[in-house]
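**Student:** Shown below is the structure under consideration.
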Ligand code: ADP
Ligand code: ADP
């Protein structure tokens, strides 16, 4: 599994307004790191830099030791699976949506994708299985069901790195906890960066980084952060 490193990253969207002020942190191979902090702290900006929607003003972002400035966006998308807060699904079946994650949506591809052990726990909880229509024409999925499909679609690509960008923030806390528990079970050895504004979201993280106004205010395990208070 790859390691993700931010090394003294400075960045802003406008020339005179720096948003990240020399941010350094590491997501060790196969570990789960969570970034929490108030709205406006710069959390989503980290995800955008990781996908090279923007490049840092200064400093480097490394995946397995390689500066991503040398890596194309297309190949970053191969190695990083993202689950955003509001996933957009196609108006088609659940099976189509999941198989699309692997680049094919034939009947065989749907069946093959559905047999993927890593996504089983997500789809077994869905109503009526893979043939359920998503979107206006068919049954409307709940927010939690939609996110289950979105996560399954990302996991069938088997990305070595997972970026959860407020992936469960819009859900009620029981649904959120269920989905997080499932995610933890299936992505245990995947390098994972979870961005969140709620502490409840990150109970399972190996390490927590608290971001405040573009700087790391604190970092540590859950226990260490509690002790520091
Ligand atoms: P968070 O995810 O922690 O809420 P963001 O990374 O979205 O924070 O935003 C950090 C700062 O960058 C905020 O001050 C926000 O207003 C600013 N910002 C975000 N996106 C843009 C943009 N596209 N153009 C200019 N400023 C932006
Ligand atoms: P595919 O490779 O199958 O086209 P992508 O990885 O490009 O899938 O995108 C999957 C979903 O995540 C899409 O809904 C896309 O709009 C969304 N997405 C991709 N990158 C980002 C990002 N950095 N922030 C938020 N959403 C993203």
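**Student:** Among the numbered criteria (1) more than 15 Å from residue 162 (Cα to Cα); (2) at pLDDT 95 or above; (3) away from ligand 1 (no atom under 16 Å from the Cβ); (4) crowded, with 16+ Cβ neighbours inside 10 Å, which one does residue 80 miss?
**Tutor:** Only one criterion is unmet by residue 80, namely (1).
**Student:** Tally the residues that are at pLDDT 85 or above and assigned to a loop (DSSP other than H, G, I, E, B), restricting the search to segment 190-229.
**Tutor:** Total meeting the criteria: 6.
**Student:** In addition: I need the full set of residues from segment 135-188 which are farther than 25 Å from residue 3 by Cα, surrounded by 15 or more Cβ atoms within 10 Å (Cβ to Cβ) and touching a strand residue (DSSP E or B) at 6+ places or on another chain (Cβ under 9 Å), in order please.
**Tutor:** Within segment 135-188, 138, 147, 169 meet the criteria.
**Student:** Working only within segment 59-75, note down all residues that are in contact with a strand residue (DSSP E or B) (Cβ under 8 Å, 6 or more places away or on another chain) and surrounded by 12 or more Cβ atoms within 10 Å (Cβ to Cβ).
**Tutor:** 59, 60, 61, 62, 63, 67, 68, 71
**Student:** On the given criteria, is residue 66 under 20 Å from the mean Cα position of the chain (by Cα) and at pLDDT 85 or above?
**Tutor:** On the way: under 20 Å from the mean Cα position of the chain (by Cα): no; at pLDDT 85 or above: yes.
Taking the combined requirement at face value, the residue does not satisfy it.
**Student:** Can I ask one more? Please count how many residues of segment 14-37 are within 14 Å of ligand 1 (Cβ to nearest atom) and more than 18 Å from the chain's Cα centre (by Cα).
**Tutor:** Restricting attention to segment 14-37, the residues satisfying the condition of being within 14 Å of ligand 1 (Cβ to nearest atom) are 14-21, 23, 34-37.
Subsequent filtering for residues that are more than 18 Å from the chain's Cα centre (by Cα) retains 14-21, 23.
Of the residues in that region, 9 qualify.
**Student:** Turning to a different aspect of this structure: Check every one of the strands (runs of 3 or more DSSP E) wholly within segment 20-136 and list those with 1 or more residues that are touching a helix residue (DSSP H, G or I) at 6+ places or on another chain (Cβ under 6 Å) and within 14 Å of ligand 2 (Cβ to nearest atom). Give the steps one after another, and end with the answer.
**Tutor:** On the way: elements: 20-27, 32-36, 58-63, 80-84.
The strands (runs of 3 or more DSSP E) meeting that bar are 58-63, 80-84.
**Student:** Let me ask you something else. Name the residues in segment 44-58 that are within 12 Å of the chain's Cα centre (by Cα) and either more than 25 Å from residue 210 (Cβ to Cβ) or buried (at least 19 other Cβ atoms within 10 Å of the Cβ) (or both), would you?
**Tutor:** 46, 47, 50
The values are calculated or read from the model by the stated rules, or taken from the named source; none is laboratory data. What you are looking at is a predicted structure, and each value in this text was computed from that prediction instead of being measured. Note that each Cβ is placed from the backbone with ideal geometry, even for glycine, and that neighbours are counted across all protein chains shown.
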